[in-house]
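The values are calculated or read from the model by the stated rules, or taken from the named source; none is laboratory data. In this text, all values refer to a predicted model and were calculated from it rather than measured experimentally. With ideal geometry, Cβ positions are generated from the backbone for all residues, glycine too; neighbour counts draw on all protein chains shown.
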Amino acid sequence: MHPHVAQLTLEEKASLVSGDSFWKTRSVDRLGITARTLTDGPHGVRYQKATGDHLGVFASEPATSFPTASATGSTWDPALLHEMGRALGTESKALGVNVLLGPGVNMKRSPLCGRNFEYFAEDPLLAGVLGAAWIDGIQEQGVGASLKHYAANNQETDRMRVNAQVDERTLREIYLPAFEHVVKASQPATVMCAYNKVNGTFASEHHWLLTDVLRGEWGFAGYVVSDWGAVVNPVRALAAGLDLEMPSTGERSPAALVAAVRAGELDESLLDAAVSRLLTVHDRFGEQDEEQPDFDAHHDLAKRIAAASTVMLANDGGLLPLDAAAGGSIAVIGEFARSPRYQGAGSSHIKPTRLDDALTAILATTDREIVFAPGFRLDGSEDNELLQEATQAAATADVAVLFLGLPDAEESEGFDRTHLRLPEAQYRLVSEVLWSNPNTVVVLSNGGVVDLTGIAGHTPAILESWLGGQAGGSAIAEILFGIAEPGGRLAETIPLALTDTPAHVNWPGDHGQVAYGERLYIGYRWYDTTRRDVAFPFGYGLGYTTFNYSDLRVQVPDITRPHAIVTLTVENTGTRAGADVVQLYVSDTEASVDRPLRELKGFQKVHLQPGERREVVLELDERAFAFWSEGAWTVEPGEFIVAIGKNSRDLAHQVAITLNTAKRAPVLDEESTVHEWLDHPVGSPVLQGLIGQMGPEGQAMLGEEMLKMLGSMPLRTMLNFGAQNAPEPIDVDEVLAALLQQSRV
Ligand code: BGC
C-alpha cells in the first residue's frame, strides 16, 4: 500500500480517483501530492494550454506529428517504434506531460472502422510487439503510456454504449493478446478502458476484464484510467477495478464514492487499493526536467519512420525509383501533393512543428521539369477543368506521379466509414491519367485501406503511404527518387471488395448490439482460411532490392514440450541496401477444434547491405501452438506446419513438426458422448469394461461401423437403449453415476 493512503481522509481519497480538469488529476497539498497531466497521444503530443477537448477542435502546442499507427504498424520494426517512443517521451517532458494516451492496440476487425488509422494491425502479435516497443521507448524517458482501448473497441458506430458480443475464445486469441503482451512485456503506467460494453457490461465496470484478467492473470501493476467520459457509474466502476475517472465530473463522482462507502455499499479497501495504485504511478512518472527537444532531429526521425511505413504495392518494369538526374519532365498530379493528408481527425489530431508537402520536396530533390496539376477537389465534388488540366499534364510528361487518398472528412474518430471507395472523381482521374500516360505512379494517403479497383493491376507503380505525419511529403520524395527505400509491409489485408471482408454481415450491429459472429476469423485468418482472393495479402510489400531465404531449420528440443527454435538464412541478393520482413506462420493441421488456416507467430525485420547474409533465429513458445479451450491454453499433440515467407500467401519454406504434448483429458459428465468416453484416458477402459460384460452384442456396439452411428450419442442415451433389451432391469442413472465416479479416479 502506498504510504500516503493511511494519511488520507475518505474525502481526499474519493477526490483523487476522479480528474480535476480535462487533462489533470487532483492534488492534496497538505501531503505534497501534486497533480499529473495526461494528454493525447499517440502520434504526437497534444498538449493544450487553455481550453481542453478530446476531438481535435481547440488549439494545442506545436509537437512533432509522427506517422499514425496504420503507418507505423506497417514498419514491422519494433526498434523504430522504440525510437519514436523515446522522441515522444522527450517532447512530453518538455511540455510537462506525465502520461501520453496511447498506443491503441485494438484489432482492425473491419476496414470500415473510422479509427483504424490509430491502430496497428489486424494481427495481435504484430500490434502487441510494436505497442510494447513504443511504450518501452516513452517510459524510458520517465513518461507513462496509457494502453488503449481495453477491450473489444473495434468500431466507432455507437462506440459509447454498443455491446460487443464476443465469446471468450475469440477474446483470448484475437482481441486480448496484444494487451496481454504489452502488459507483460512493458508494464504500461496505465491502461485505458474502452467506452463500449463487452458481453453486457460496460468496459469501465468490467470486473473480469479490469481485475481478474488484467491484474490477476497478467500482473498489471499500474492504474486503469477511463476513456474520456466512459464512466457511467463511478461506484460500480471503482468496485470493478477502475482507478481514475477522466475527465473531471466536478464533485459529483467523489461525492458518490464517499456516500457509497458511508452507506456500506463500497468497501473502502477497494478505494484504498485504487489510490495506492494511482499514487505509485504518480511517483514513478512524476517530476520532470525541462530539456528542450531537438525538433529537427524528431522531424528527421518522423521522415525515416514514414519511409519505413510506406508499402510499395506494385513496381512493374522497375518504374521506381525515378532518376533524379535524368532528363524528361514529371507531372505531379493530385491536391494531396501540395495539401498533404498526414494525420487523422479526433483526439490524436495535433499541431505539427513543420509540414513537408511532397510537391515542394520533389522540387527540392530533382532538377527535372515538374508540372503540377491538382486534379481534383478535396471536397470530392466533380471538376472537369481540373480533370482536363491533369490529363494534359500527364500526356506531355515522361512520367506522372498521381497523389490520391481519402480526404479528412471521410475517416475519423467518432464515426465509421460506410464504404471503401476513394472519392469517385479520383477513380476517373486515375483512369484518364493512365490513358494519357501509362508511366504512372500512384501514391496513396489514407488511414484505413481503400478499394483499389481500377488502380491495382492497371498502374505500374503504387505506393501506399498511409497518413505519414509531418515529414511524410519528404519521405515520399526520397522514395520516388530512390534516396530511401519503401520499407513497409501490409499490417492489414487489402480486400477486393467490402463484401469479402470478415465482419461484413455483422458490422456494425444494431439496437446497441454487435455480434462478433466471425469469431477468430478476422483479417488474413479469414481470407486465407476461406481461400478468398484479395487485392494484396497481409504482410505484402515490395522493396528496391531482392532477398533470398534458405536453410530453414526447425529444432524441437523436446517433443513433449511446445517449444521450437526456427533458423534460416536471409540474403540481400540485389544491388541496393534494404530491409525485408521475415514472417513466420504456424498451422495446426490436426486440431480437434476449428482453427485459422495459419497464424503469424514470429517476425523479424532484417536490414542488409547488398550481398550480405544473416542468420535469423525465431523462437516459438507454447502460445505459438496453443488455442483457448475450456478456460486454459491447450496444445494438442500432432502435426504443425512452420512456414516462412514474405506474406501470408507467399510461404515458400515450410517444415512439418510433430509435438507429443500431453493431451488434456476433458472432464466427463452426464452429457458426454460415446466418442468422448472412448477418447478419455480413464473413461475409455471403464466403459470398455462395462461393455465387455455385455457379451458379444455389447461388444458389437464398439465396431467401427456402429461407432460411426453411435459415437456422437450421449452415453446416457446409449445405455437407455441398451436397457430396453437387457435380460434384467437396469438403473441407467445408477450405472452412469458409477461410471462417472470411476472415470474421475
Ligand atoms: C478517445 C481516447 C482519447 C481520449 C482523450 C477519447 O474520445 O477515445 O483515445 O485518449 O478521448 O482525448
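Brief remarks follow.
Here is a yes/no grid of residues against (1) closer than 16 Å to R277 by Cα; (2) part of a loop (DSSP other than H, G, I, E, B); (3) within 16 Å of the ligand (Cβ to nearest atom):
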| site | (1), (2), (3) |
| --- | --- |
| L171 | no, no, no |
| K184 | no, no, no |
| V213 | no, no, no |
| G219 | yes, yes, no |
| A230 | no, yes, yes |
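- Among the residues making up the stretch 525-548, those that are under 30 Å from P321 (Cα atoms) and either touching a Phe, Trp or Tyr at 6+ places or on another chain (Cβ under 6 Å) or not in a loop (DSSP other than H, G, I, E, B) (or both) are V534, F536, F538, L542, F547, N548.
- Scan of the stretch 336-345 for residues that are surrounded by fewer than 23 Cβ atoms within 10 Å (Cβ to Cβ) and touching a residue at least 40 places away in the same chain (Cβ under 8 Å), ordered by number: A345
- Test: residue in the stretch 373-383 that is part of a strand (DSSP E or B), among the aliphatic types (A, V, I, L, M) and touching a helix residue (DSSP H, G or I) at 6+ places or on another chain (Cβ under 9 Å): yes
- Helices (runs of 4 or more DSSP H) completely within the stretch 236-333 that count 3 or more residues being more than 16 Å from the ligand (Cβ to nearest atom) and over 19 Å from T25 (Cβ atoms): 252-262, 295-309
- Residue check for A152: within 16 Å of the ligand (Cβ to nearest atom), assigned to a loop (DSSP other than H, G, I, E, B) and either modelled with pLDDT under 95 or over 16 Å from A69 (Cβ atoms) (or both): yes
- Filtered residue count, the stretch 170-221, keeping only those that are touching a strand residue (DSSP E or B) at 6+ places or on another chain (Cβ under 6 Å) and among the β-branched types (V, I, T): 4
- Selection of the stretch 47-71 for residues being part of a loop (DSSP other than H, G, I, E, B) and modelled with pLDDT of 95 or more yields T64, S65, F66, P67, T68.
- Cross-chain or 6+ apart pairs with Cβ under 7 Å, the stretch 127-149 first and within 19 Å of S226 (Cα to Cα), then of a type in the set (A, V, I, L, M, F, W, C) and more than 16 Å from the ligand (Cβ to nearest atom): V143/F285; G144/V281; G144/F285
- Where a residue in the stretch 346-366 is farther than 23 Å from D294 by Cα and its partner, wherever it lies, is within 15 Å of the ligand (Cβ to nearest atom) and in a loop (DSSP other than H, G, I, E, B), with Cβ under 7 Å and at least six apart: G346/L55; G346/G56; G346/E413; G346/G414; S347/H54; S347/L55; S347/G56; S347/E413
- From the list L100, L88, the one residue that fits, being part of a helix (DSSP H, G or I), aliphatic (A, V, I, L, M) and within 16 Å of the ligand (Cβ to nearest atom), is L88.
- Whichever residue in the stretch 384-420 is part of a helix (DSSP H, G or I) and aliphatic (A, V, I, L, M) and, among such residues, is surrounded by the fewest Cβ atoms within 10 Å (Cβ to Cβ): A409
- Qualifying residue in the stretch 196-210 (condition: within 16 Å of the ligand (Cβ to nearest atom), within 17 Å of V166 (Cβ to Cβ) and in a loop (DSSP other than H, G, I, E, B)): yes
- Top-ranked residue of the stretch 13-46 - restricted to ones that are β-branched (V, I, T) and farther than 19 Å from D227 by Cβ, ranked as nearest to the ligand (Cβ to nearest atom): T34
- Taken over the stretch 117-149, the residue count meeting the criterion of being closer than 30 Å to H511 by Cβ and within 15 Å of the ligand (Cβ to nearest atom) is 5.
- Scanning the stretch 421-437 for residues that are surrounded by 22 or more Cβ atoms within 10 Å (Cβ to Cβ) and in a loop (DSSP other than H, G, I, E, B) gives a single hit, L422.
- Those residues of the stretch 248-269 which are surrounded by fewer than 18 Cβ atoms within 10 Å (Cβ to Cβ) and either under 32 Å from the mean Cα position of the chain (by Cα) or not aliphatic (A, V, I, L, M) (or both), in sequence order: T249, G250, E251, R252, R262, G264, E265, D267, E268, S269
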